[in-house]
Amino acid sequence: MKRILMAIAVLVALIAPSSALAQPQCWPSLTFPTIWRTADSTSRVREREIVYAASSVGLVWGYGCTGIDGKLYHYIAGGPWSAFPPDWLAIADTLARGTDGERAAAWVKYATGTAIDPRLEPDVKAVSARLPLPPPAPVPGGWVVAPTAICSSADKDLSGKCVRRAAYLWAGGVRGPVSGTANIGSACDLTVGAAGFYGVNGRTDRVAPCVKQ
């Protein structure tokens, strides 16, 4: 059952004709095991994590990601179960294991509708409420998350450049283990952290390497 839900959440928009959207500038993380979250929560997810909401009518899914221009984009798509071709699960599984080029071609082929079914509007709102927010804007002359050439594939843009780097727990004045990521170039909070590792993501319990602009 988990495998089915994962495949639905990853690529249902590519095979549901009611979910036409502009070609995504970036894709969710599709490395296995794929991270997917239900929309029945109030907390926001990390970039490239998939959020989905399923009902008797259909399914809506979405994710947020940083494009090669450095901007955060939200993509939400979905459709009624009646729009799914008989072999939709096989198509989704193949694309999940394929390349970004294959997914882009499938998007053009299958995402042909003009709007998500209005019956799914509550699910659209629920998914939207869980997508990540853009990081605080850097202050001119301030400190920002330092660039790096070392990061996981999930934290690279389509050109292979790192757009996120590891963040660390911060508690009791001590830096702890890796916990999440921070967008490279996003603002750092010098009231949190020490010795070049300062607060990120608007939190007092996360730090990352920072540099002065």
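Just so it is clear, none of the values below were taken in a lab; they were calculated from the coordinates. Computed from a predicted structure; not experimentally measured. Glycine gets a Cβ as well: all are built from the backbone with ideal geometry, and neighbour counts include every protein chain shown.
Couple of notes before you dig in:
- Set of aspartates and glutamates with alpha-carbon distance to residue 212 below 13 Å, sequence-local pairs under 8 removed: 189
- With a Förster radius of 30 Å applied to the beta-carbon distance between residue 169 and residue 82, the computed FRET efficiency rounds to 0.05.
- Positive-end residue of 51, 133, 29, charge dipole of region 26-159 with Cβ unit charges: 133
- When 73, 110, 63 are arranged by Cβ crowding within 10 Å, least crowded first, meaning fewest neighbours, the order is 73, 110, 63.
- Fewest-first ordering of 49, 102 by other beta carbons within 10 Å of each residue's beta carbon gives 102, 49.
- Antiparallel bridges, percent of DSSP beta bridges restricted to region 25-92 (to nearest 5): 80 percent
- Counting charges near residue 83 (Lys, Arg +1; Asp, Glu -1) among other residues having Cβ under 15 Å from its Cβ returns a value of -1.
- Separation between Cα centres of region 30-102 and region 155-213, rounded to whole Å: 27 Å
- Charge tally for residue 39 (other residues, Cβ to Cβ under 14 Å; Lys, Arg +1; Asp, Glu -1): 0.
- The label-point distance for residue 100 and residue 74, in a model that sets each label 7 Å from Cα toward Cβ, rounds to 2.3 nm.
- Calculated over region 142-181, the projected area of the Cα convex hull averaged across directions stands at 3.7 nm².
- Within a straight-line Cα-Cα reach of under 16 Å, residue 71 can be paired with the following aspartates and glutamates, leaving aside sequence neighbours fewer than 8 residues apart in one chain: 47, 155, 157.
- Taking label points 7 Å from Cα along the Cα-to-Cβ direction, residue 57 and residue 119 give a separation of 0.7 nm.
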